[in-house]
Amino acid sequence: MSLQPVAPHVWRINIFNFVNAYFVRNAEGEFVLIDTGVRPALTQLKAAAAELGRPPIAILLTHGHFDHAGCAGELARAWNVPVYAGRLEKPFLTGAAAYPPGDPTVGGALAQVSRAIPPLKFDISDVLEIYPQDGKLDVLKGWQVIETPGHSPGHISLWHEDDRILLAGDALCTADMDSVVGMTTLKPTQFARGGTPFVPDWKEMKHSLGKLADLEPATVAAGHGHPMTGGSVPEQLRDFYHEFAPPEHGRYVGTPARTDESGVTFLPPAPPDPLPRNVAIGALAGAAAFAILGRGRK
Ligand SMILES: [Zn+2]
């Protein structure tokens, strides 16, 4: 059983103990898939949809990074459904541009792994739709699309007001992906920075976190880590927001990258990257990432 219940109408699929996708059932009993993991997850996602008894009627992306949009094109074409993404993610999902490059100098376990992550460009322009401006979707009534830029320019989160469920993508994590233990075990479950080496704008990220904290969600299910639920979650998220600080140094920490609807318009210069002392960790982590990603590349 690959589907783990998060709420009565939300299921999580944990892909390679690394990244999550979610199936959400709408009021009509139809399913929508939120995020699509890395490319090698294709079989797992198809099997999960089969478990539900019917293919989803749409795919919604929180953002277009390789570990969220990896199977979006293949699944959308197989199921003949649209893929929705934020307006400012469009250049990165139509083959027009690559995201600002990851910053391996920013520190932490995921930054080490990022050395081995190739700059994948997706072109799913044949199936791509942009979220409507009012953030409301016919395919998923009762849910609100909330713009949460920072981790990526057009990043969105999904909010179910009545049940107070937040699907946060990489606006935050619920495991510390900056530590080797957190990244490999996803424990302890806690609020943490979302995808540190890939964040091009830390100020926007904090601003988006404030928006999410104001929602006071009872359940938070993110792109990485186990979902968090319970009475203390709103307070924990509020504390996380107030204490949130960018890394001490890094390419995008002082000056953000700039992007628009055509792609990247400004990049701060890359800091020198003398491979740090823990080369061994980086090499090991890199090999693991290649093992996962490489299998799925065409
Ligand atoms: Zn991401």
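The values are calculated or read from the model by the stated rules, or taken from the named source; none is laboratory data. The shown structure was predicted, so the numbers you read here are calculated from the model rather than taken from an experiment. Cβ: placed from backbone, ideal geometry, glycine included. Neighbour counts: every protein chain shown. Each accessible area value is taken on the protein alone, full model and side chains, heavy atoms only, with ligands, DNA and RNA left out. Shrake-Rupley method; radii C 1.70, N 1.55, O 1.52, S 1.80 Å.
Just one of (1) within 14 Å of the ligand (Cβ to nearest atom); (2) closer than 18 Å to D103 by Cβ; (3) modelled with pLDDT of 95 or more fails for K203. It is (1). Residues considered: D134, D163. Of these, the only one that is in contact (Cβ under 8 Å) with a residue 24 or more places away in the chain, part of a loop (DSSP other than H, G, I, E, B), more than 16 Å from the ligand (Cβ to nearest atom) and not hydroxyl-bearing (S, T, Y) is D163.
Could you say whether any residue in region 81-91 is out of contact with any His (no Cβ under 6 Å at 6 or more places or on another chain), free of Cβ contacts under 8 Å to residues at least 60 places away in the same chain, surrounded by fewer than 22 Cβ atoms within 10 Å (Cβ to Cβ) and of a type in the set (V, I, T)? Scanning region 81-91 turns up at least one residue that is out of contact with any His (no Cβ under 6 Å at 6 or more places or on another chain), free of Cβ contacts under 8 Å to residues at least 60 places away in the same chain, surrounded by fewer than 22 Cβ atoms within 10 Å (Cβ to Cβ) and of a type in the set (V, I, T).
Please find, within region 168-195, the residue that is modelled with the lowest pLDDT out of those that are within 13 Å of the ligand (Cβ to nearest atom) and assigned to a loop (DSSP other than H, G, I, E, B).
If we filter region 168-195 for residues that are within 13 Å of the ligand (Cβ to nearest atom), which is where we start, we get 168-173, 177, 193-195.
Next cut, assigned to a loop (DSSP other than H, G, I, E, B) only: 170-172, 177, 193-195.
Values: D170: 97, A171: 98, L172: 97, M177: 86, R193: 93, G194: 91, G195: 90.
Looking at the filtered set, the residue picked out is M177.
Of the residues making up region 138-152, at least one is free of Cβ contacts under 8 Å to residues at least 12 places away in the same chain and open to solvent by 30 Å² or more (accessible area, probe 1.4 Å). Could we say that R12 is among the charged types (D, E, K, R), modelled with pLDDT of 95 or more and touching a Pro at 6+ places or on another chain (Cβ under 7 Å) here? Answer is yes for this residue.
Test F198 against the stated conditions and say whether it is at pLDDT below 95 and either crowded, with 17+ Cβ neighbours inside 10 Å or within 24 Å of P8 (Cα to Cα) (or both).
Details: at pLDDT below 95: yes; either crowded, with 17+ Cβ neighbours inside 10 Å or within 24 Å of P8 (Cα to Cα) (or both): yes.
For F198, the condition - at pLDDT below 95 and either crowded, with 17+ Cβ neighbours inside 10 Å or within 24 Å of P8 (Cα to Cα) (or both) - is met.
Looking at this structure, is G29 more than 16 Å from the ligand (Cβ to nearest atom), assigned to a loop (DSSP other than H, G, I, E, B) and over 18 Å from P227 (Cβ atoms)?
Criteria met by G29.
In region 37-60, which residues are part of a loop (DSSP other than H, G, I, E, B), within 16 Å of the ligand (Cβ to nearest atom) and touching a residue at least 40 places away in the same chain (Cβ under 8 Å)? Passing the criteria: only V38. Every condition in (1) open to solvent by less than 10 Å² (accessible area, probe 1.4 Å); (2) assigned to a strand (DSSP E or B) is met by W11 except one, and the failing one is (1).
Quick one: is A21 assigned to a strand (DSSP E or B) and within 16 Å of the ligand (Cβ to nearest atom)? Break it down stepwise before answering.
On the way: assigned to a strand (DSSP E or B): yes; within 16 Å of the ligand (Cβ to nearest atom): yes.
Yes; evaluated as a whole, the condition is true for this residue.
Hey, could you check region 92-110 for residues that are farther than 18 Å from G194 by Cα and more than 15 Å from the ligand (Cβ to nearest atom) and say which is most open to solvent (accessible area, probe 1.4 Å)? Before you say what the answer is, go through the steps one by one.
Looking only at region 92-110, we keep the residues that are farther than 18 Å from G194 by Cα, and these are 92-98.
Filter once more, so that each one left must be more than 15 Å from the ligand (Cβ to nearest atom): 94-97.
Values: T94: 37, G95: 33, A96: 68, A97: 13 Å².
Filtering first and then ranking leaves A96.
The residues listed here are A72, A78; of these, the one that is touching a Leu at 6+ places or on another chain (Cβ under 8 Å) and either closer than 24 Å to D138 by Cβ or buried (at least 24 other Cβ atoms within 10 Å of the Cβ) (or both) is A72.
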